[in-house]
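Nothing in this text is a laboratory measurement; each read-out follows from the coordinates by a stated rule. Everything quoted here is computed from the prediction, not taken from an experiment. FYI the Cβ positions are ideal-geometry reconstructions off the backbone, even for glycines, and counts take in every protein chain you see.
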Protein chains: 2
Amino acid sequence: MLEKTLRMNYLFDFYQSLLTTKQRKYMELYYLDDWSLGEIAEEFEVSRQAVYDNIKRTENMLEEYEKKLNLFSKFQERTKLIENLKTAIEKDVPNKDILLIVDSLERLD
Amino acid sequence: MLEKTLRMNYLFDFYQSLLTTKQRKYMELYYLDDWSLGEIAEEFEVSRQAVYDNIKRTENMLEEYEKKLNLFSKFQERTKLIENLKTAIEKDVPNKDILLIVDSLERLD
């Protein structure tokens, strides 16, 4: 469950701009702020089932976007490569200013 | 016009997985294979106007996706940073194996 939450947090991070305001709100409360389905239902005056269905649909949409665009998996690969790069630079490079460029690359993701 | 074609080629590259088969096909013929609207219309037995409308709509969709996800502008920034990194390494680093990691980073985009 923790693993799924972590994955959904990342996918939400990458694709939230493609969701509707309501989808975004439910996902934020459920995954980021750890509200229960019942609490969200009460807040928006809808049934618990409606919230559940909306969140399930959004989760599926996020997985579909990831299947098509792979932003999360590319991010993971890139993070690994940047780590390798940093280690190599720490070991081999006398002028550490190069790390500033690597930092900029890292911030871009 | 050349600039627009170049931009559409890039946007198509980044977001084509989010288009329908028909949208993809028209865009490929028009932007990648340089067919005219009339030629595409003839091939698919639809009006020239229908092809034009479809391509216009797709162009707008691609720009909308770019506004939301910024994959192309991030790619441009990343390309620039990777170029800087390569120049810095060429100048300062005795062990050029580090460039292999940078190459992998570059291929990832």
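Tabulated data for the structure shown
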| item | result |
| --- | --- |
| From the options A:30, A:10, residue that is of a type in the set (Phe, Trp, Tyr), over 11 Å from the mean Cα position of the chain (by Cα) and surrounded by 15 or more Cβ atoms within 10 Å (Cβ to Cβ) | A:30 |
| Meets criteria (surrounded by 14 or more Cβ atoms within 10 Å (Cβ to Cβ) and closer than 24 Å to residue A:74 by Cβ) for residue B:102 | yes |
| Matching helices (runs of 4 or more DSSP H) fully within segment B:1-84 where at least 3 residues are out of contact with any Gly (no Cβ under 6 Å at 6 or more places or on another chain) and among the acidic types (Asp, Glu) | B:37-44, B:48-69 |
| Residues of segment A:41-68 satisfying the condition of being in contact (Cβ under 8 Å) with a residue 12 or more places away in the chain and hydroxyl-bearing (Ser, Thr, Tyr) | A:52, A:58, A:65 |
| Scan of segment A:67-91 for residues that are facing another protein chain (nearest Cβ under 8 Å) and of a type in the set (Gly, Ala, Ser), ordered by number | A:88 |
| Segment B:54-70, residues that are surrounded by 18 or more Cβ atoms within 10 Å (Cβ to Cβ) and hydrophobic (A, V, I, L, M, F, W, C) | B:55, B:62, B:69 |
